[in-house]
1. Can you tell me which residue is farthest from the other protein chains (Cβ to nearest Cβ) among those in the stretch B:59-69 that are in contact with an Asp or Glu (Cβ under 8 Å, 6 or more places away or on another chain) and at negative phi?
2. Please identify the pairs in which a residue from the stretch A:182-204 that is facing another protein chain (nearest Cβ under 8 Å) and within 16 Å of ligand 2 (Cβ to nearest atom) has its Cβ atom under 7 Å from the Cβ atom of a residue that is part of a helix (DSSP H, G or I) and modelled with pLDDT of 95 or more, counting only partners at least 6 apart or on another chain.
3. Can you tell me which residue is farthest from the other protein chains (Cβ to nearest Cβ) among those in the stretch B:207-222 that are under 15 Å from B:Ile123 (Cα atoms) and part of a helix (DSSP H, G or I)?
4. Pick out the one residue from A:Leu77, A:Leu108, A:Leu34 that is away from chain B (no Cβ under 14 Å), modelled with pLDDT of 95 or more and surrounded by 12 or more Cβ atoms within 10 Å (Cβ to Cβ).
5. Does A:Asn122 satisfy the criteria of being in a loop (DSSP other than H, G, I, E, B), farther than 20 Å from A:Met15 by Cβ and among the polar types (S, T, N, Q)?
6. Inside the stretch B:152-182, can you point out the residues that are more than 16 Å from ligand 1 (Cβ to nearest atom), of a type in the set (A, V, I, L, M, F, W, C) and touching a Phe, Trp or Tyr at 6+ places or on another chain (Cβ under 7 Å)?
7. Name the residue, out of B:Lys147, B:Lys122, that is touching a helix residue (DSSP H, G or I) at 6+ places or on another chain (Cβ under 7 Å) and either outside the structural domain of B:Gly76 (by TED's automatic domain parsing) or crowded, with 23+ Cβ neighbours inside 10 Å (or both).
8. Answer yes if at least one residue in the stretch B:94-101 is in the same structural domain as B:Ser179 (by TED's automatic domain parsing) and under 15 Å from the mean Cα position of the chain (by Cα), and no otherwise.
Amino acid sequence: MSGFMSSSIGKKFFMSITGLFLMVFLLVHLTANLALLFGPEAFNKVSHFMGTNPIIQVMQPVLAIGFILHILYASMLTIQNQKARPESYAKTVNGHQSSWTSKNMYILGGVVLSFLVLHIINFFWKMKVTGSPLLNEVEVDGEMMENAYGLVVGLFKDPQLGIVYSLVYILGAVGLGFHLTHGFWSSFQTIGMSNDLWRKRLTAVGYLFALLIGAGFSIIPLFLMITA
Amino acid sequence: MDLKLRVWRQKDANSKGGFENYDVQNITTDASFLEMMDILNEQLVNSGQDPVAFDHDCREGICGMCSLYINGRAHGPDTEVTTCQLHMRKFKDGDTITIEPWRSGGFPVIKDLMVDRSAYDKILQAGGYVSVNTGGVPDANALPISKIDADEAMDAATCIGCGACVATCKNSSAMLFVSAKVSQLALLPQGKVEASRRAKAMVARMDELGFGNCTNTGACEVECPKGISIAHIARLNREFLFATCKE
Ligand code: HEM
Ligand code: SF4
Ligand code: FES
């Protein structure tokens, strides 16, 4: 097994498994977020559920580990790959060979990571650690719960920075979408689940998935920008 | 046609190299790229200079010896051809052509445009063979192999070990080469027996030799003169993962 962990394919295997896991997380997270479009009560209920459901609580550290492993292996592989060509070409023609996204996964990952840090500061940290006056408890269907809706709307509708936050969040979602245009298919290829036929199918599904994630996460700030 | 050449010159593995500019005149469009290089070398020899060292052997696209990164592409501007099969009609009168060696930690430059590709031999020595004597050609139907498997194995077996995949890959990964060698044997009954051991041994050797990790960009298959598909890389990954599970 130790040989596997240090082999190139072994390291890529971890990239793929963590990537697949993170994509499942994104689907769950997006589904929860979209409740916001149905108003404060719906969103607060979903967010209360996510904050108290034991399975979700157990999954939180797993998710953190998933992110850390994905980023750690990404950095390790990227550094090794850069070292593998000590002297670069004076002239290269590319573009016809491979997509820009496939060659810049680390940069796109960096965009996602910076967004993730901001996102944790904006929401997760406030809800779990510091609290915020915007979060003052509200009553929904006779139950008291945090006003997560108030926190989200408070951020995106902030008189000074609301528009900046909205744009940054949209940029983060688009960066993530691009990461997945390559990542989705690539994760299947890495674990050997592809061939000439499935490659076409998986890339097509990957583009749809990337669009769903990119557009899905952008809808929330856009929706709040449009609705006064 | 008349051309300006910008050629990488490097005395030996330990010297620092650099580009030199040369002019060649009256090159016919029917000449192959290597013939054009021969004309340049004749010119250099006649004027008492050191000819440009470059690899070649069969000059018909089967041995894999010729290399060269021409105007930013492995084996030049044509697709699915080796440099020896590249014709000068792909260039225009007055063009400047930049000619570089393969660049990879796994393929150090020996001199000028020649690189040491013995890393590929080392990978093959690690497992690219069938250990038992498989006898003569079997009777047509004695060893049933589906047409699909036979074709896939044959496609993989067309790899000539040229190294264009490594040269092109942004990570300098040798996965396309290794996957072709693993595939061609793993698909056939004679090679299946050792498939697990082979996949592990060849990948381990590949990792030792300074090649990068595959990130599935797909650039290698586009520049491979034999059009080998990265579907073989998926098979290699599969073989490798199964082999690890079997431990
Ligand atoms: C929710 C967030 C993320 C998701 C869903 C995700 C998903 C994926 C997937 C599915 C892959 C393909 C794996 C493979 O090729 O086998 C991948 C590759 C990659 N990811 Fe992420 N990723 C995320 C965040 C990040 C972050 C924060 C980084 C940080 C730097 C990053 C860097 C990379 C790199 C460099 C690759 C290419 C690695 C390779 O192909 O060897 N990703 N990602
Ligand atoms: S896979 Fe293609 S590019 Fe790579 S060594 Fe074989 S023939 Fe050359
Ligand atoms: S010289 Fe043999 S393939 Fe080009």
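The values are calculated or read from the model by the stated rules, or taken from the named source; none is laboratory data. Note that this is a predicted model, so its numbers are computed, not measured. Cβ coordinates were reconstructed from backbone atoms using ideal geometry, including for glycine residues, and neighbour counts include every protein chain displayed.
1. Step one: filter the stretch B:59-69 for residues in contact with an Asp or Glu (Cβ under 8 Å, 6 or more places away or on another chain), giving B:63, B:65-69.
Those left that are additionally at negative phi: B:63, B:65-67, B:69.
Values: B:Cys63: 24, B:Met65: 21, B:Cys66: 18, B:Ser67: 13, B:Tyr69: 6 Å.
In this case the residue turns out to be B:Cys63.
2. A:Asp196/B:Ala231
3. Step one: of the stretch B:207-222, the residues under 15 Å from B:Ile123 (Cα atoms) are B:207-212.
Of the ones still in play, those that are also part of a helix (DSSP H, G or I) are B:207-208.
Numbers: B:Asp207: 5, B:Glu208: 10 Å.
Taking the candidates together, the pick is B:Glu208.
4. Details: A:Leu77 fails: away from chain B (no Cβ under 14 Å); A:Leu108 fails: away from chain B (no Cβ under 14 Å).
Sole residue among the options that is away from chain B (no Cβ under 14 Å), modelled with pLDDT of 95 or more and surrounded by 12 or more Cβ atoms within 10 Å (Cβ to Cβ): A:Leu34.
5. On the way: in a loop (DSSP other than H, G, I, E, B): no; farther than 20 Å from A:Met15 by Cβ: yes; among the polar types (S, T, N, Q): yes.
No.
6. B:Cys159, B:Cys165, B:Val166, B:Ala167, B:Phe177
7. On the way: B:Lys147 fails: touching a helix residue (DSSP H, G or I) at 6+ places or on another chain (Cβ under 7 Å).
Within the list B:Lys147, B:Lys122, the selection yields B:Lys122.
8. Filtering the stretch B:94-101 for residues in the same structural domain as B:Ser179 (by TED's automatic domain parsing) gives none.
Looking for residues that are in the same structural domain as B:Ser179 (by TED's automatic domain parsing) and under 15 Å from the mean Cα position of the chain (by Cα), one finds none in the stretch B:94-101, hence no.
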